1. Any idea how many residues of segment 8-64 are within 27 Å of A155 (Cα to Cα), assigned to a strand (DSSP E or B) and of a type in the set (D, E, K, R)?
2. Could you check, for segment 105-120, whether at least one of its residues is under 25 Å from D11 (Cα atoms), in contact (Cβ under 8 Å) with a residue 24 or more places away in the chain, loosely packed, with under 14 Cβ neighbours inside 10 Å and not β-branched (V, I, T)?
3. Name the residues in segment 1-18 that are exposed (fewer than 11 other Cβ atoms within 10 Å of the Cβ) and either of a type in the set (K, R) or touching a Pro at 6+ places or on another chain (Cβ under 7 Å) (or both), would you?
4. What are the pairs with Cβ atoms under 9 angstrom where one residue, in segment 157-169, is of a type in the set (D, E, K, R) and the other, located anywhere, is assigned to a loop (DSSP other than H, G, I, E, B)? Sequence gap at least six, or different chains.
5. Looking only at segment 19-56, filter to residues that are under 18 Å from T115 (Cα atoms) and of a type in the set (K, R); which one of those is surrounded by the most Cβ atoms within 10 Å (Cβ to Cβ)?
6. Would you say G33 is on the phi > 0 side of the Ramachandran plot and either among the aromatic types (F, W, Y) or out of contact with any Gly (no Cβ under 8 Å at 6 or more places or on another chain) (or both)?
Amino acid sequence: MYIPKRYEENDAEKVRAFIRENSFAILVSVLDGLPVATHIPLLLEKDDQGRDVLLGHIARGNEQKRTFAEGADVGSGGTKVLAIFPGPHAYVSPRWYTQMNVPTWNYMAVHVYGTLKVIEGEDLRAALSRLVDNYEQHLPRPVEIGEIGEKQVTAEMRGIVGFRILVEEIQAAYKLSQNRDELSYREVVRQLGEGDEAARAVAEEMEAREQALFSSKKEPEK
């Protein structure tokens, strides 16, 4: 992903939190020379060696399965894939600047590159259980996979292809008006704060960064 230096986010824990909060991803691989993609939730966790991995599954009828390597051992072979995690984004009008300029778009997005291997049997069932737990935990009456019934779960498992992605590279772009003067920055925050949910989320992130951004710009050169 093209990321100008000023928009690059290098805080690994912040990026991991972003992935967890924006976990409905786009999984991209190559089939017969063409990119193919599926919109799916991906669960970020650590494997038994402390490495970042993503867990997920697609429908068995999905042709993207043809790009997946067989076997459960992430450490060897596998399919190179890209997982895109889009975050909140919003249009920025040039009228919000102290000096007229071109319009732009503020956004946050993370690209994860890694190696995918298929998982089956108990590994897949355990992954599905953790996926369900992750999304049910904040609900008033969380459902556990055991409540669904073994027969139903087994039948559903036959209709999916599960996988684990060993994360090899993470690229994070947080384009949040870092190139603007302080007054323009504050006006962008104010305007976005009056917008829709996505715009307000961008404004909140900008507001959280404002002090550090402009205090560093005011520091005298050594």
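Rule-based calculations on the coordinates, nothing more; no lab input. Quantities reported herein were computed from a predicted structural model and do not represent experimental measurements. In this analysis, Cβ positions are derived from the backbone assuming ideal geometry, glycine residues included, and neighbour counts consider all displayed protein chains.
1. Qualifying residue count for the region: 1.
2. Yes, some residue in segment 105-120 is under 25 Å from D11 (Cα atoms), in contact (Cβ under 8 Å) with a residue 24 or more places away in the chain, loosely packed, with under 14 Cβ neighbours inside 10 Å and not β-branched (V, I, T).
3. Across segment 1-18, the qualifying residue is only K5.
4. Close Cβ pairs satisfying both conditions: R158/R60; R164/D47; R164/A72; R164/V74.
5. R51
6. Details: on the phi > 0 side of the Ramachandran plot: yes; either among the aromatic types (F, W, Y) or out of contact with any Gly (no Cβ under 8 Å at 6 or more places or on another chain) (or both): yes.
The answer is yes for G33.
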